[in-house]
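The values are calculated or read from the model by the stated rules, or taken from the named source; none is laboratory data. These figures come from a predicted structure and were not determined experimentally. Here the Cβ is made from the backbone with ideal geometry for all residues, glycine too, and neighbour counts use every protein chain on show. Keep in mind that these areas ignore ligands, DNA and RNA; they rest on the heavy atoms of the full protein, side chains included. Shrake-Rupley method; radii C 1.70, N 1.55, O 1.52, S 1.80 Å.
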Amino acid sequence: MKVLVSNVGSTSLKFKIYKMPEETVLCESKVERVGSEQAIYHYKNLQTGEKLFVPSCSVKDYSAGIQMFLRDCLSEKNGVLKDVSEVAAVGFKTVVAKGFYGVHELTEEVLQAMREYLLVAPAHNGPYLEAIQWFRELIPSAKMVGVFETAFHETVPQERQLYPIPYEWYETYGIKRMGYHGASHGYVAKTMEEMFGKEQRTISCHLGGSCSICAIVDGKSTDISFGFSPQSGVMHANRAGDMDPYIIPFLLDCGMPLEEIMSGLAKNGGLKGISGVSNDLREIEESRKKGNARAGLAVRAFVHSIVHYIGAYYAEMGGLDNLVFTGGIGENSVEVRKEVCDTLLHMGIEIDASQNECYNKANRIISMPGSKVRVLVIPANEEIGIARNTYQFINKCKD
Ligand code: ADP
């Protein structure tokens with residue numbers, strides 16, 4: 001059975017086609033800068049090794065990006081499909097929908113529930129709704145399946161999910177800590193089990209454009225830094241993360257328009273907000289080296305917010321076996337890993353400097369052999385979890 005996995009970003013599209021249950025990736029593709037005349041397009045047939053790369057092209061909208069990818073999937077030279085009807089299901093890394101938390105067929109009812117939470121995840125739900133409609137038109141025979149990012153966190157105990165606010169807000173509006181990055185943390189949980197067995201206490205740090213820390217006990221999420229919306233938790237690249245909600249009415253009273261406050265929190269906060277340099281940690285680290293004090297402050301604040309959650313989860317779990325770094329920053333920033341781990345030396349976390357500095361794309365242990373806690377770098381693979389969940393869901397529907 002062929003399963004197409006679609007990861008829709010606010011300005012990007014990523015696709016993979018899997019042959020299931022073998023988990024063989026047939027092809028993968030990425031469209032960056034969707035909505036522009038200077039989009040970047042990659043496609044690779046993993047069966048033949050054939051690669052296509054277009055450094056600048058017009059991709060007006062999600063439909064144009066999806067059609068570009070499907071054209072190459074069907075092409076005689078580089079394709080992996082003879083007809084789109086070979087795709088049994090399209091699995092989406094959907095974010096959030098009111099009242100739907102696990103894996104669901106994307107019926108009109110579920111799409112409506114995603115629309116109702118547009119305000120909770122505006123950068124994600126809008127693009128997903130658009131991409132799902134296009135896939136429905138372009139591959140009408142396939143089942144559309146949403147693997148919600150909240151799914152992995154359904155195991156978090158209720159007392160950790162609830163905010164200390166009137167209980168009726170939870171009952172009436174569904175306000176609770178939902179947690180995101182489920183595909184990434186779920187993949188880390190499975191990898192730890194494969195490497196070290198089932199009984200493991202793991203803290204998974206997904207650090208990228210969005211950042212989150214997850215506590216995982218014996219393969220299950222027991223706490224997650226993300227709350228009701230992806231705006232919360234640990235500091236992000238350009239989003240604020242946790243902050244005092246009373247800042248909002250205070251700034252409104254100072255005369256700042258709500259739109260400006262919201263874009264400050266959602267676009268001009270986080271590493272970008274404090275550094276004033278960029279939302280890309282590479283540029284902030286460069287600027288810090290040149291002596292920019294605010295760039296240095298931003299990295300220290302970022303490291304602090306990560307350490308803060310690791311400390312909390314260490315206490316909740318009563319110890320720790322594995323500390324995992326994943327995501328664009330987690331996999332690539334030698335400095336962030338070093339600064340986090342150096343702060344945690346007192347917990348018995350000792351990293352090996354040469355392992356930390358060595359770069360390769362594989363799963364790797366970067367702690368000293370005698371370290372009480374193993375420290376690992378696990379390259380993110382969110383798509384495989386979506387493919388597995390989609391495949392299981394399709395099979396369950398058949399029964
Ligand atoms: P997203 O959450 O948007 O999927 P990624 O997980 O791909 O993002 O992470 C992207 C971020 O990773 C970039 O914005 C950049 O800050 C960071 N990054 C990538 N490579 C490096 C590096 N070598 N050093 C430091 N940060 C890096």
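May I ask you to verify whether residue 286 is open to solvent by 60 Å² or more (accessible area, probe 1.4 Å), more than 16 Å from the ligand (Cβ to nearest atom), modelled with pLDDT of 95 or more and among the charged types (D, E, K, R)?
no
Would you check if there is a residue in the range 345-357 being under 18 Å from residue 210 (Cα atoms) and modelled with pLDDT of 95 or more?
Looking for residues that are under 18 Å from residue 210 (Cα atoms) and modelled with pLDDT of 95 or more, one finds none in the range 345-357, hence no.
Of the residues in the range 304-346, how many are away from the ligand (no atom under 13 Å from the Cβ) and closer than 18 Å to residue 272 by Cβ?
So the answer is 3.
Take the residues in the range 21-52 that are within 25 Å of residue 124 (Cβ to Cβ) and among the hydrophobic types (A, V, I, L, M, F, W, C), then tell me which one is surrounded by the fewest Cβ atoms within 10 Å (Cβ to Cβ).
Here the residue is 40.
A quick yes/no check of all residues on (1) out of contact with any helix residue (DSSP H, G or I) (no Cβ under 8 Å at 6 or more places or on another chain); (2) open to solvent by less than 20 Å² (accessible area, probe 1.4 Å); (3) under 26 Å from residue 229 (Cα atoms):
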site: 54; (1), (2), (3): yes, no, no
site: 58; (1), (2), (3): no, no, no
site: 63; (1), (2), (3): no, yes, no
site: 77; (1), (2), (3): yes, no, no
site: 83; (1), (2), (3): no, no, no
site: 98; (1), (2), (3): no, no, yes
site: 104; (1), (2), (3): no, no, yes
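In contact with a Pro (Cβ under 8 Å, 6 or more places away or on another chain) and among the hydrophobic types (A, V, I, L, M, F, W, C), is that true of residue 362?
The answer is yes for residue 362.
I'd like to verify a number: residues in the range 190-240 that are away from the ligand (no atom under 16 Å from the Cβ), open to solvent by less than 10 Å² (accessible area, probe 1.4 Å) and not β-branched (Val, Ile, Thr), how many?
The number of residues fulfilling the criteria is 4.
So is residue 49 over 24 Å from the mean Cα position of the chain (by Cα) and at positive phi or not?
Yes; evaluated as a whole, the condition is true for this residue.
Here are the criteria: (1) among the polar types (S, T, N, Q); (2) open to solvent by less than 60 Å² (accessible area, probe 1.4 Å); (3) more than 10 Å from the ligand (Cβ to nearest atom). Tell me which single one residue 268 does not satisfy.
(2)
Looking at the range 299-355, which of the residues that are open to solvent by 20 Å² or more (accessible area, probe 1.4 Å) and of a type in the set (Phe, Trp, Tyr) is farthest from residue 381 (Cα to Cα)?
Of everything passing the filter in the range 299-355, 314 is farthest from residue 381 (Cα to Cα).
Any residue that is open to solvent by 40 Å² or more (accessible area, probe 1.4 Å), in contact (Cβ under 8 Å) with a residue 24 or more places away in the chain and over 25 Å from residue 222 (Cα atoms) - is there at least one of those in the range 139-152?
Yes, because at least one residue in the range 139-152 is open to solvent by 40 Å² or more (accessible area, probe 1.4 Å), in contact (Cβ under 8 Å) with a residue 24 or more places away in the chain and over 25 Å from residue 222 (Cα atoms).
Could you list, in sequence order, all residues of the range 291-303 that are among the basic types (Lys, Arg) and within 16 Å of the ligand (Cβ to nearest atom)?
Listed by number, the list holds a single entry, 300.
Just to check your reading of the model, which residue among 363, 356 is on the phi < 0 side of the Ramachandran plot and in contact (Cβ under 8 Å) with a residue 60 or more places away in the chain?
Step by step, each of 363, 356 is checked, and only 363 is on the phi < 0 side of the Ramachandran plot and in contact (Cβ under 8 Å) with a residue 60 or more places away in the chain.
Looking at residue 377, is it touching a residue at least 60 places away in the same chain (Cβ under 8 Å), surrounded by 22 or more Cβ atoms within 10 Å (Cβ to Cβ) and in contact with a helix residue (DSSP H, G or I) (Cβ under 9 Å, 6 or more places away or on another chain)?
Criteria not met by residue 377.
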